[in-house]
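In what follows, a single structure is set out as structure tokens and then discussed.
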Amino acid sequence: MSIMHCSLLSLGCAFGFASPHDQTTLTALRALKIAQRRLRPEVRTKLLSVSSPRTNGNLIPEAWRFVFLDPATSGNCRIVTVAAKTSSEHPDTVEAFSSAKTESVATSHAITQNKLAIDSIKVLELVRGTSKLKGVRTAEYRLIQQRSGQEPLWILHFYAEGEEPIVEFRVGAKTGSIELVGNGEKKG
């Protein structure tokens, strides 16, 4: 069954507990902690994927979508969207994810959350350190675990003007190893 048939919980967040500098950046791992507070304890550890909609020009996402395995729902998963907005439900954020690729819950592997040492902002720093990203206007982030026991991977797609990505990077969420997909070059 596709994730599009899963339960959807959309929420916003206000960062009254964060410093003023931190209020401007909603990283994936910070948003994950917020999302987990909305779930039953037995579902919190069953994270299947993390994704962002296409960003604006600063390449930093303002919203994150988390998919958790939840056999108690009709679609066997729960989708939680956390946005850096003060409203409890922000229609623009939900709409931004409407074009997101669907995936099969049956073929997804739970992400080993204790191996998530590299957050989304650090992933961007690592990629920028290896490439100039000339002509890049927007980005999409995705965190998955391809197989049980393997390192979770950040997959970043960078876009210029069009709908097709111009470059893809895969970054290890534990080690920070970087792979530029397309030309076979691997850095680490």
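Worth pointing out:
- Flag if Ile34 is assigned to a helix (DSSP H, G or I) and closer than 26 Å to Leu126 by Cβ: yes
- Qualifying positions in segment 25-77 - among the hydroxyl-bearing types (Ser, Thr, Tyr) and either without any contact (Cβ under 8 Å) to a residue 24 or more places away in the chain or touching a Phe, Trp or Tyr at 6+ places or on another chain (Cβ under 6 Å) (or both): Ser52
- Residue within segment 176-188 that is open to solvent by less than 50 Å² (accessible area, probe 1.4 Å), under 18 Å from Ala31 (Cα atoms) and in contact with a Lys or Arg (Cβ under 9 Å, 6 or more places away or on another chain) present: no
- Evaluating Gln146 against the criteria (1) modelled with pLDDT of 90 or more; (2) open to solvent by 60 Å² or more (accessible area, probe 1.4 Å); (3) over 17 Å from Arg30 (Cβ atoms) leaves one unmet condition, (1).
- Within segment 136-163, the set of residues being touching a strand residue (DSSP E or B) at 6+ places or on another chain (Cβ under 9 Å) and part of a loop (DSSP other than H, G, I, E, B) comprises Val136, Arg137, Gln145, Gln146, Glu151, Pro152, Ala160.
- Every condition in (1) modelled with pLDDT under 90; (2) surrounded by 15 or more Cβ atoms within 10 Å (Cβ to Cβ); (3) touching a helix residue (DSSP H, G or I) at 6+ places or on another chain (Cβ under 8 Å) is met by Thr102 except one, and the failing one is (2).
The values are calculated or read from the model by the stated rules, or taken from the named source; none is laboratory data. Nothing here was measured: the structure is a model prediction, and the numbers come from that model. All Cβ positions, even for glycine, are placed from backbone atoms using ideal geometry, and neighbour counts span all protein chains on display. Please note that ligands, DNA and RNA were not included when accessible areas were found on the heavy atoms of the full protein model with its side chains. Shrake-Rupley method; radii C 1.70, N 1.55, O 1.52, S 1.80 Å.
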